[in-house]
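Novice: What follows is a structure written as structure tokens; I'll ask about it next.
The values are calculated or read from the model by the stated rules, or taken from the named source; none is laboratory data. Everything numeric here is computed off the predicted structure, so don't read it as measured data. So basically every Cβ, Gly included, is an ideal-geometry build from the backbone, and we count neighbours across all protein chains shown. Only protein heavy atoms, including side chains, enter the accessible area calculation; ligands, DNA and RNA are left aside. Shrake-Rupley method; radii C 1.70, N 1.55, O 1.52, S 1.80 Å.
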Amino acid sequence: MDPTDRRGRPGPGRPGGRSRERSRPMATTARPPTASTGADRAHAVVIGAGVAGLTAARALADAYRRVTVVDRDALPAGPAARRGVPQSRQLHILLARGARVLEELFPGFLEELLAAGATRADTQGEAHWYLDGRLLRPAPSGVISYGASRPLVEHHVRARVAALPGVGIRDSTEVLGLVTTPDRGRVTGVRVRPRADGAREEVLPAGLVVDASGRGSRAPAWLEELGYARPRRTRVRADVVYVTRHFRREPHHLGGRRGAALVPFPGLPRGGAVVSEREDRFAVVLFGLLGEEPPTDHAGMLAYAESLPGPDVAEVLRTAEPLNDPVRMRHPASVRHHYEKSARRLDGFLVTGDALCSFNPTYGQGMTAAAQQAAVLRALLAEGAGDLPRRFFRAAAGVVGTPWLLAAGGDLRFPGAEGRRGPADGLLDRYLTRYRAAASVDPVLGRTFLAVANMVEPPARLMSPGHVLRVLRAARRAEPSGTR
């Protein structure tokens, strides 16, 4: 593998630090962890080679002599969809905060991504946003997001991680369970089995295990088997169904803009988006909530898009050349596991990414939240590994709190969505409804809305005294909902 420094910069071997993404041979025995909490820095294991697992491995590489990432899929050599990431063929976007964090973890990453064909855009100045049926006032904002397919992002993150000294990626290997000390107080490794005929189970010793296996994580069951309580869970069910198809992008489409988003709202639980995934390709997604299901035939998709309050998605469907077949996916509910509230934690075991908190994917927050959790883990390890589960889960709860508020709060606007609503939710929703209307007139409000959605500003910014005054002034001038 190509040498890199510990900050993730590519070494001199090849541009971008790319390497063959296959595992190194792993020993099946290791020196037992020391009795001191968090003292074993010899080896860490990460379960899952998605964005969450790979960025976690990047964080661990600074603190552990060896890091092994284990994934049950046969990982592709290039940017390709894979079974273990079923959403990989759907539209993705790298939010502004996520882009910043990935650049911090892997200096030069964004330039590398752009060189590979990704696009960048000012989210307010180069795209149309329809909030509650009104067009958000376009204006330059400086809030920059990146259009790129999920396989492209994952491929380049994986190449950077594979090039780090001491890091190995072991694919086509299933993790069967955890190994612990006799008193079940601390993890000492994982049981694995290669996915090949006749393969035998083995143990990978580890001083730390990070579960980044996604929404299908078995961590709650593993903990229960070891005598720990399952973490508390918060669930918001909106029954999201979405369909993505790719189209050839030409300069005249959307007047040269990079994309558009038409956000569902009460009374119209359907939406859509267009993102310039490459200079010559659009990704188009249609989605519905609570029983609304976009069709997958072209005529049906066009009719669905024409029912939306803006013309952008329908224009692309009507005039652009399709490049592949539509792909449908379902996401019944957003789920948050509250490991931070557990009274007793298994030492040496962390959970991150969708295994910790999964969001309604139409908000585009997953990759960004995962990268943020990795950055938190990196900072905590720099301070020391003592009492790491408690410290990490508490800090990770702060990271996922904002995207959860945005996604769960957005879904709970719909009366049919299932989930707990607080006593102040009604008042807040009425204010934000006026805010969205006012943002169609006042570009400053639009810029703040998108900065919050991209997680570069806190939600409280929407309710600052200056913004409240702007909302009161501008909401009166907003055109009726549904005006194109």
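Novice: If you check Arg394 against the conditions, is it over 16 Å from Val351 (Cβ atoms), of a type in the set (Lys, Arg) and out of contact with any Cys (no Cβ under 6 Å at 6 or more places or on another chain)? Show your work before the answer.
Specialist: Working: over 16 Å from Val351 (Cβ atoms): no; of a type in the set (Lys, Arg): yes; out of contact with any Cys (no Cβ under 6 Å at 6 or more places or on another chain): yes.
Considered against the rule, which asks whether it is over 16 Å from Val351 (Cβ atoms), of a type in the set (Lys, Arg) and out of contact with any Cys (no Cβ under 6 Å at 6 or more places or on another chain), Arg394 comes out as no.
Novice: Among (1) part of a strand (DSSP E or B); (2) open to solvent by 10 Å² or more (accessible area, probe 1.4 Å), where does Pro309 come up short?
Specialist: (1)
Novice: Return the total of residues in region 244-285 being among the β-branched types (Val, Ile, Thr) and free of Cβ contacts under 8 Å to residues at least 60 places away in the same chain.
Specialist: So in region 244-285, the residues among the β-branched types (Val, Ile, Thr) come out as 244, 263, 274-275, 284-285.
Okay, now just the ones that are also free of Cβ contacts under 8 Å to residues at least 60 places away in the same chain, so 274.
Number satisfying all stated conditions: 1.
Novice: I'm checking my understanding of the structure. Among residues of region 178-221 that are among the hydrophobic types (A, V, I, L, M, F, W, C) and more than 24 Å from Ala42 (Cα to Cα), which one is most open to solvent (accessible area, probe 1.4 Å)? Reasoning before the result, please.
Specialist: If we filter region 178-221 for residues that are among the hydrophobic types (A, V, I, L, M, F, W, C), which is where we start, we get 178-179, 187, 190, 192, 196, 199, 203-204, 206, 208-210, 212, 219, 221.
With the extra rule that they be more than 24 Å from Ala42 (Cα to Cα), the set shrinks to 196, 199, 221.
Numbers: Ala196: 62, Ala199: 34, Ala221: 32 Å².
Here the answer is Ala196.
Novice: Could you please give the count of residues in region 222-236 that are open to solvent by 50 Å² or more (accessible area, probe 1.4 Å) and touching a helix residue (DSSP H, G or I) at 6+ places or on another chain (Cβ under 6 Å)?
Specialist: Looking only at that region, the number is 2.
Novice: Then there's this: From the list Arg473, Arg430, which residue is open to solvent by 20 Å² or more (accessible area, probe 1.4 Å), closer than 23 Å to Leu262 by Cα and out of contact with any Lys or Arg (no Cβ under 7 Å at 6 or more places or on another chain)?
Specialist: Just a single option satisfies the conditions, and that option is Arg430.
Novice: Further question on the same structure: Scan the helices (runs of 4 or more DSSP H) fully inside region 44-133 and keep the ones with 1 or more residues being among the hydroxyl-bearing types (Ser, Thr, Tyr) and closer than 23 Å to Asp211 by Cα.
Specialist: Values: elements: 51-61, 96-105, 109-115.
Of the helices (runs of 4 or more DSSP H) lying wholly inside region 44-133, those with at least 1 residues that are among the hydroxyl-bearing types (Ser, Thr, Tyr) and closer than 23 Å to Asp211 by Cα span 51-61.
Novice: Also, I was wondering about something else. Output yes when any residue across region 153-174 is among the acidic types (Asp, Glu), closer than 20 Å to Leu60 by Cβ and assigned to a helix (DSSP H, G or I), and no when none is. If you could, list the steps in order and put the result at the bottom.
Specialist: Let us first name the residues in region 153-174 that are among the acidic types (Asp, Glu), namely 154, 171, 174.
Okay, now just the ones that are also closer than 20 Å to Leu60 by Cβ, so 154, 171.
Checking the rest, the ones that are also assigned to a helix (DSSP H, G or I) come to 154.
Within region 153-174, one or more residues are among the acidic types (Asp, Glu), closer than 20 Å to Leu60 by Cβ and assigned to a helix (DSSP H, G or I).
Novice: Does region 262-273 contain at least one residue that is β-branched (Val, Ile, Thr) and open to solvent by less than 30 Å² (accessible area, probe 1.4 Å)?
Specialist: no
Novice: Separate question: Going through region 433-466 one residue at a time, which ones are in a helix (DSSP H, G or I), buried (at least 21 other Cβ atoms within 10 Å of the Cβ) and in contact with a helix residue (DSSP H, G or I) (Cβ under 7 Å, 6 or more places away or on another chain)? If you could, list the steps in order and put the result at the bottom.
Specialist: Quick first cut of region 433-466, residues in a helix (DSSP H, G or I) only: 433-439, 443-453, 459-463, 465-466.
Applying the additional criterion that residues be buried (at least 21 other Cβ atoms within 10 Å of the Cβ) yields 435-439, 445-451, 453.
Matches in region 433-466: Tyr435, Ala437, Ala438, Ala439, Leu445, Gly446, Thr448, Phe449, Ala453.
Novice: When residues of region 299-320 are filtered for being without any contact (Cβ under 8 Å) to a residue 24 or more places away in the chain and among the charged types (D, E, K, R), how many remain? Before you say what the answer is, go through the steps one by one.
Specialist: Taking region 299-320 as the starting set, the residues that turn out to be without any contact (Cβ under 8 Å) to a residue 24 or more places away in the chain are 299-300, 302-303, 306, 314, 318.
The next check asks that each one be among the charged types (D, E, K, R); those that pass are 306, 318.
So the answer is 2.
Novice: Please go through region 99-133 and pick out each residue that is open to solvent by 40 Å² or more (accessible area, probe 1.4 Å) and either aromatic (Phe, Trp, Tyr) or within 21 Å of the chain's Cα centre (by Cα) (or both).
Specialist: Residues satisfying the conditions are Arg100, Glu103, Glu104, Glu111, Leu114, Ala116, Arg120, Trp129.
Novice: Please state which one of Asp442, Asp429 is among the acidic types (Asp, Glu) and modelled with pLDDT under 95. Spell out how you get there, then give the answer.
Specialist: Working: Asp442 fails: modelled with pLDDT under 95.
Of the residues listed, the single one that is among the acidic types (Asp, Glu) and modelled with pLDDT under 95 is Asp429.
Novice: Taking the options Arg230, Arg270, Arg249, Arg257, name whichever one is over 30 Å from Pro182 (Cβ atoms) and within 24 Å of the chain's Cα centre (by Cα). Show your work before the answer.
Specialist: Values: Arg230 fails: over 30 Å from Pro182 (Cβ atoms); Arg249 fails: within 24 Å of the chain's Cα centre (by Cα); Arg257 fails: within 24 Å of the chain's Cα centre (by Cα).
So the residue among Arg230, Arg270, Arg249, Arg257 that is over 30 Å from Pro182 (Cβ atoms) and within 24 Å of the chain's Cα centre (by Cα) is Arg270.
Novice: Being closer than 15 Å to Val313 by Cβ, of a type outside the set (Phe, Trp, Tyr) and crowded, with 21+ Cβ neighbours inside 10 Å is the filter here, so list the residues in region 237-261 that pass it. Let's see the steps before the verdict.
Specialist: The initial filter retains those residues of region 237-261 that are closer than 15 Å to Val313 by Cβ, namely 242-247, 249, 253-255, 257-261.
If we keep only those that are of a type outside the set (Phe, Trp, Tyr) too, we end up with 243-246, 249, 253-255, 257-261.
Matches in region 237-261: Val243, Thr244, Arg245, His246, Arg249, Leu254, Arg258, Gly259, Ala260, Ala261.
Novice: Turning to a different aspect of this structure: In region 313-369, which residues are assigned to a helix (DSSP H, G or I), of a type outside the set (Ser, Thr, Tyr), open to solvent by less than 20 Å² (accessible area, probe 1.4 Å) and farther than 22 Å from Ser88 by Cα?
Specialist: Residues of region 313-369 that are assigned to a helix (DSSP H, G or I), as a first pass: 313-319, 339-341, 353-355, 361-363, 366-369.
Going one step further and asking which of them are of a type outside the set (Ser, Thr, Tyr), we end up with 313-318, 340-341, 353-355, 361, 366-367, 369.
If we keep only those that are open to solvent by less than 20 Å² (accessible area, probe 1.4 Å) too, we end up with 313-314, 316-317, 353, 355, 367, 369.
Correct list: Ala314 only.
Novice: Do we find a residue being over 28 Å from the mean Cα position of the chain (by Cα), surrounded by 13 or more Cβ atoms within 10 Å (Cβ to Cβ) and either part of a loop (DSSP other than H, G, I, E, B) or among the basic types (Lys, Arg) (or both) anywhere in region 291-305?
Specialist: no
Novice: A further question on this structure: If you go through region 134-170 one residue at a time, how many are surrounded by fewer than 20 Cβ atoms within 10 Å (Cβ to Cβ), within 17 Å of the chain's Cα centre (by Cα) and without any contact (Cβ under 8 Å) to a residue 60 or more places away in the chain?
Specialist: Qualifying residue count, region 134-170: 1.
Novice: Also: If I ask for residues that are within 21 Å of Ser358 (Cα to Cα) and touching a Gly at 6+ places or on another chain (Cβ under 6 Å), which ones from region 188-213 would you list?
Specialist: Restricting attention to region 188-213, the residues satisfying the condition of being within 21 Å of Ser358 (Cα to Cα) are 209-213.
Of everything in region 188-213, those that are within 21 Å of Ser358 (Cα to Cα) and touching a Gly at 6+ places or on another chain (Cβ under 6 Å) turn out to be Ala212, Ser213.
Novice: Give all pairs with beta carbons closer than 7 Å in which a residue from region 386-401 that is over 24 Å from Pro458 (Cα atoms) meets a residue that is surrounded by fewer than 21 Cβ atoms within 10 Å (Cβ to Cβ) and β-branched (Val, Ile, Thr); count only pairs at least 6 apart in sequence or on separate chains.
Specialist: Gly386/Thr37; Asp387/Thr37
Novice: Which of the residues that make up region 388-402 are over 19 Å from Arg235 (Cα atoms), among the aliphatic types (A, V, I, L, M) and buried (at least 19 other Cβ atoms within 10 Å of the Cβ)?
Specialist: Result: Leu388, single match.
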